[in-house]
Amino acid sequence: MKAEYFEHPNRPVASAPAAVDASRNIPNTVMLEGVRSQAINTSRNRLTVAGALFALAFAVIAARLVELAVIEDPKGVGNLHIAQRGEPAKVRATIADRNGELLATSLPAAALYANPNHILDPVTAAKELVKILPALNENSVRKKLLSKNTFVWLHRNLTPELQFKVNALGVPGFYFQKMERRVYPHGKLAAHVLGLTDIDGNGLSGVEKEFDQRLTGGGEALRLSIDMRVQAAFREELSGAMKNFSAMGAAGVLMDVQTGEVISMVSLPDFDPNRPISAAGEAGFNRVTKGVYEMGSTFKLFTAAMALDSGVANLENRYDATKPIQISGFTISDYHGKNRWLTVSEIVIYSSNIGAAKMALEVGTLRQKKYLRALGLIQPAKIELPEVGTPLTPERWRDINTMTISYGHGIAVSPLQLTAGVAALVNGGYRVRPTILKRPASAVGGEGRTRILSAQTSKRMRGLMRQVVVQGTGKKAELDGFRLGGKTGTADKPNGRGYSGRKVIASFVGVFPSENPRFVILVLIDEPKGTDETHGYVTGGWVAAPVVQRVVRRLSPILGFRPATLETSHKKTAKRKVSLAKVQPQRTRATNLAAH
């Protein structure tokens, strides 16, 4: 019987053996099933292995992404997801002046960072980047890009134009994060009021720091009491005076005597908040609120007010100013002494140190301290700014201190404190709290004000300040058509344990209109040098008073005041040679600024 053989398609046909065991014959169908099963198992195993490898690869990639975004975030830049969404971290509210003029706002910007692990050619990338951003140091950038970090900052506050140029480089590994850039449209004009922010938008000084939380929360603009029109004119006049007298600094304040609103605050030298580095050193120092100075004879206004209000003296009382006072090894003398007995009015008008010292002794140390405290002159000023100086007062308040403080020596206060104190002297006798925020019109003459002086004392002080300008040391502040009142001040600057005698603080504090004052203005010049125009003098009457005159002339149209006719003004000046002891305020023809 002939045997049958199965021919495998991949196996050559073999010759039949001579004899075949019949028990080993397997049907063709059974052999086919076994081969197919083996092939299927092999394929399944291969697919399982391949799938496991792919799953492992995806797991590794996912783990690396988590590592890059979270674990290897040395700078705490877990906010890379913010950069990917393109959302700024903060929205800072704008700041405006009392009329809505924009003072500070935030504009969109971009921050440039890199992942050095993604950069193919760090050396070339650094070189090309510095061409676009020359402020960067190429060596520093190259070092960052060659590092093994996964995140490095390269530049903050890129403008859209610069961002486009960097992006156009096409360097893989350069990334951007949206952010905001604080911008101050008026530059230096109100620098010490506004202050500045750091690169992350946090307030560092001024209003930006004081109201940091309020501004960070966004919302409506923060409205200040400052009027930028007034600020611009005031700063220009102060800057000119500082240059003319080769002074080391200057300060100016204009305040509403009823509301305490600061309409203008200037401190020189100043800085540009758009360039934070410019605030370093003296430029960043706010002389108006932080600086404390011996203010000289302007303090005679307070001494006279104390004497009149307490009943110690009246305008007819006279004090012996015929010769200097010798006390505790010190000599108190007058700059241009009259060498005679002087009335209270004459002590203020002619600025007699001798008369003020004797008047203060009658007031007494305890009463002097009480009035100075009530006027806000022996404690830090309360205003919405972080830069506030602490007054310097005697550790032991003896008679000699009482006498020197009467004419502004031995006590140092800020220009803001002096301005607020004078406001209380002329506004009817009410204490005023300075504010840098705009107040509603209803705040004028509102309830809850603290009376310090009687209305009669305030009326007399307005008359005395007017006569200082008409007949006394403040003549150079006189302005045709406007009835200004004021007081000069000249104080030697301390030098170690004594006074230099050559370096002075020259000041003038004025009020207008004098009969019913709406504003008080202070000008301070630090270390002025005499000129031919001043005949070498550096007193407040020669240096600061003319500045006040020019400022008031420029500001009157802005503030809504109209001058009286020149003819009327001259007639009043010529005919009103009345007794200094019976000075009475007169009505003004100036138009007050309504709810300004």
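The values are calculated or read from the model by the stated rules, or taken from the named source; none is laboratory data. Please read all numbers here as calculations on a predicted model, not as lab measurements. All Cβ positions, even for glycine, are placed from backbone atoms using ideal geometry, and neighbour counts span all protein chains on display.
For the condition farther than 20 Å from Asp399 by Cβ, assigned by TED's automatic domain parsing to the domain that holds Ile521 and under 36 Å from the mean Cα position of the chain (by Cα), what is the one hit in Tyr293, Tyr335? First the steps, then the outcome.
Working: Tyr335 fails: under 36 Å from the mean Cα position of the chain (by Cα).
So the residue among Tyr293, Tyr335 that is farther than 20 Å from Asp399 by Cβ, assigned by TED's automatic domain parsing to the domain that holds Ile521 and under 36 Å from the mean Cα position of the chain (by Cα) is Tyr293.
Kindly indicate which of Arg502, Arg460, Arg466 is in the same structural domain as Ser264 (by TED's automatic domain parsing), within 19 Å of Gly408 (Cβ to Cβ) and of a type in the set (Lys, Arg). Reasoning before the result, please.
Values: Arg460 fails: within 19 Å of Gly408 (Cβ to Cβ); Arg466 fails: within 19 Å of Gly408 (Cβ to Cβ).
From the options Arg502, Arg460, Arg466, the qualifying one is Arg502.
If you take just the helices (runs of 4 or more DSSP H) that sit entirely in region 185-260, which of them hold at least 2 residues that are of a type outside the set (S, T, N, Q), in contact with a helix residue (DSSP H, G or I) (Cβ under 8 Å, 6 or more places away or on another chain) and not assigned by TED's automatic domain parsing to the domain that holds Ala104? Steps first, answer last, please.
Working: elements: 191-194, 206-210, 212-216, 228-244.
In region 185-260, the matching helices (runs of 4 or more DSSP H) lie at 228-244.
Is there a residue in region 518-533 that is surrounded by fewer than 16 Cβ atoms within 10 Å (Cβ to Cβ), part of a helix (DSSP H, G or I) and of a type outside the set (Phe, Trp, Tyr)?
no
Six or more apart or on different chains, Cβ atoms under 8 Å: show the pairs whose first residue is in region 345-356 and charged (D, E, K, R) and whose second is part of a loop (DSSP other than H, G, I, E, B) and buried (at least 24 other Cβ atoms within 10 Å of the Cβ).
Cβ pairs passing all conditions: Glu346/Ser352.
Could you pull out the residue among Gly463, Gly486 that is part of a helix (DSSP H, G or I) and over 26 Å from the mean Cα position of the chain (by Cα)? Steps first, answer last, please.
Numbers: Gly486 fails: part of a helix (DSSP H, G or I).
The match here is Gly463.
Which residue, of Phe234, Phe299, Phe271, is under 17 Å from the mean Cα position of the chain (by Cα), at pLDDT 95 or above and of a type in the set (Phe, Trp, Tyr)?
Working: Phe234 fails: under 17 Å from the mean Cα position of the chain (by Cα); Phe299 fails: under 17 Å from the mean Cα position of the chain (by Cα).
None of the others qualify; the one that does is Phe271.
So, of the residues in region 305-342 that are over 11 Å from Ile354 (Cβ atoms) and acidic (Asp, Glu), which turns out to be surrounded by the fewest Cβ atoms within 10 Å (Cβ to Cβ)?
Glu316
Search region 82-114 for residues being at pLDDT 95 or above and surrounded by fewer than 20 Cβ atoms within 10 Å (Cβ to Cβ), and hand back the single one that is nearest to Thr216 (Cα to Cα).
Ala93
In this structure, does Thr435 turn out to be under 29 Å from the mean Cα position of the chain (by Cα), crowded, with 18+ Cβ neighbours inside 10 Å, more than 22 Å from Lys493 (Cβ to Cβ) and β-branched (Val, Ile, Thr)? Write out each step before concluding.
Values: under 29 Å from the mean Cα position of the chain (by Cα): yes; crowded, with 18+ Cβ neighbours inside 10 Å: yes; more than 22 Å from Lys493 (Cβ to Cβ): yes; β-branched (Val, Ile, Thr): yes.
In short, yes.
Run His186 past the list (1) surrounded by fewer than 17 Cβ atoms within 10 Å (Cβ to Cβ); (2) under 30 Å from Ile436 (Cβ atoms) and report the number of the one that doesn't hold.
(1)
Specify the residue that is modelled with the highest pLDDT; the eligible residues are those in region 466-483 that are surrounded by fewer than 20 Cβ atoms within 10 Å (Cβ to Cβ) and part of a loop (DSSP other than H, G, I, E, B).
By that ranking, first place goes to Glu478.
Restricting attention to strands (runs of 3 or more DSSP E) lying wholly within region 303-388, give those where 1 or more residues are hydrophobic (A, V, I, L, M, F, W, C) and touching a strand residue (DSSP E or B) at 6+ places or on another chain (Cβ under 7 Å). Step through it out loud before you land on a result.
On the way: elements: 318-320, 325-327, 330-332, 341-343.
The qualifying strands (runs of 3 or more DSSP E) are 325-327, 330-332, 341-343.
Consider Ser569 carefully, then state whether it is modelled with pLDDT under 95, in a loop (DSSP other than H, G, I, E, B) and either within 25 Å of the chain's Cα centre (by Cα) or under 12 Å from Phe482 (Cα atoms) (or both).
On the way: modelled with pLDDT under 95: yes; in a loop (DSSP other than H, G, I, E, B): no; either within 25 Å of the chain's Cα centre (by Cα) or under 12 Å from Phe482 (Cα atoms) (or both): yes.
Spelling it out, it is not the case that Ser569 is modelled with pLDDT under 95, in a loop (DSSP other than H, G, I, E, B) and either within 25 Å of the chain's Cα centre (by Cα) or under 12 Å from Phe482 (Cα atoms) (or both).
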